[in-house]
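Beneath this line is the structure, given in structure tokens, with notes to follow.
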Amino acid sequence: MKIIKRTIVVVIFLGLIGIIGYRASVTYQARKKVMNQPAPEKIVPVEAVQPSRANIAEKIHASANIQADSEITIYSKVSGKIAKNLVQMASAVQPGQAVAVVNRDEVGYDYMPFEVKSDAKGVVVRILQNPGATVNPSMPLMTLVDIDTVKAVAAVDEKKIRFIKLDQAARVNVEAYPGETFAARVTNISPVCNQVNRTVEVELSIPNAGHRVKPGMYAEVEWIASQRSALVVPILSVVERAGQKYVFLVGDGLALINQVTVGAVVGDVTEILSGLKGDERVVTTGAGQLNDKDKIKVVEHKSSAE
């Protein structure tokens with residue numbers, strides 16, 4: 001009986017080993033078959049366009065502060081007490097117009113009230129003395145500014161100042177009026193450069209008949225430095241590798257890397273100075289993930305509305 005039991009145990013053991021070995025062999029053969037199969041071909045979907053020509057306008061931008069065209073302070077030519085101010089804040093004043101009355105108070109003399117008159121036109125922005133105040137010829141009474149024309153004082157980078165000329169046209173945008181542009185012309189260019197921020201002050205005259213643009217406002221000034229017709233590609237087309245600029249051309253199902261020299265970037269396009277003739281097809285979307293001679297498939301651009 002013992003011999004029979006041992007024989008049964010050995011048979012069962014050998015059977016288990018056989019089953020395990022068979023399963024291992026099947027698994028090995030399956031893995032080998034998979035490993036021997038060729039890797040699926042990688043084809044990158046991309047979008048492509050042909051370079052186009054566009055009018056490139058290189059612009060200069062500078063921040064500016066709005067100032068009055070002129071500012072004057074009015075004084076009394078005699079000593080005495082202010083009897084009356086004839087104007088108030090925001091009053092428009094013309095040359096020769098009386099703005100205040102002063103009663104002279106010298107003992108022993110009887111004077112007619114003295115009219116203080118303005119020597120220039122402007123708008124009253126500050127009244128410094130009230131009726132009853134004692135004044136003398138060295139004491140300011142009020143301040144006028146002329147804002148029929150205002151000026152923008154812009155700080156232009158010294159590297160760009162060579163493009164700015166007297167009487168050159170410019171556009172001024174004021175934060176108070178988003179999206180609105182005011183015409184201006186250069187009236188003065190400082191002969192010195194600020195050594196701290198390396199900028200040159202440029203003054204521009206802005207017609208301001210409605211007095212909408214007010215001294216103290218912040219503004220941005222824009223000049224057109226140059227305009228030219230240029231070959232351009234979408235900004236997505238240009239990639240940088242090791243400090244050099246490249247685009248990928250579409251050629252027989254392959255992406256062919258092509259070095260270019262770029263110029264100005266305007267909006268969503270980049271100017272190409274050299275490296276393209278203009279009749280090529282250039283990869284746009286997908287260019288950043290490509291390498292030379294990668295297999296590609298050009299697909300149609302889909303708008304966000306689709």
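The values are calculated or read from the model by the stated rules, or taken from the named source; none is laboratory data. Keep in mind that this is a model prediction, so the values were computed, not measured. Positions of Cβ are generated from backbone atoms using ideal geometry, with glycine treated the same way; all protein chains shown enter the neighbour counts.
What to note about this one:
- Test for Ile56: is it assigned to a helix (DSSP H, G or I), more than 30 Å from Val135 (Cβ to Cβ) and modelled with pLDDT of 65 or more: no
One line per residue, one yes/no per condition, for (1) closer than 30 Å to Glu220 by Cβ; (2) loosely packed, with under 15 Cβ neighbours inside 10 Å:
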| site | (1), (2) |
| --- | --- |
| Ser63 | yes, yes |
| Ile72 | yes, no |
| Gln94 | no, yes |
| Pro113 | no, yes |
| Val125 | yes, no |
| Pro131 | no, yes |
| Val135 | no, no |
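- Spans of strands (runs of 3 or more DSSP E) in the stretch 231-281 with at least 3 residues over 23 Å from the mean Cα position of the chain (by Cα): 244-251, 254-259
- Residues of the stretch 202-228 classified as in a strand (DSSP E or B) and at pLDDT below 95, total: 5
- Test: residue in the stretch 27-43 that is part of a strand (DSSP E or B) and either in contact with a Ser or Thr (Cβ under 8 Å, 6 or more places away or on another chain) or modelled with pLDDT of 70 or more (or both): no
- Condition check for Ile60: out of contact with any Lys or Arg (no Cβ under 7 Å at 6 or more places or on another chain), β-branched (Val, Ile, Thr) and in contact (Cβ under 8 Å) with a residue 40 or more places away in the chain: no
- Residue match in the stretch 229-248 (condition: farther than 30 Å from Asp292 by Cβ, among the small types (Gly, Ala, Ser) and at pLDDT below 95): yes
- Residue check, Gly243 of a type outside the set (Asp, Glu), in contact with a Leu (Cβ under 7 Å, 6 or more places away or on another chain), surrounded by fewer than 16 Cβ atoms within 10 Å (Cβ to Cβ) and not assigned by TED's automatic domain parsing to the domain that holds Ala154: no
- Of the residues making up the stretch 202-212, those that are closer than 28 Å to Arg162 by Cβ and of a type outside the set (Gly, Ala, Ser) are Val202, Glu203, Leu204, Ile206, Pro207.
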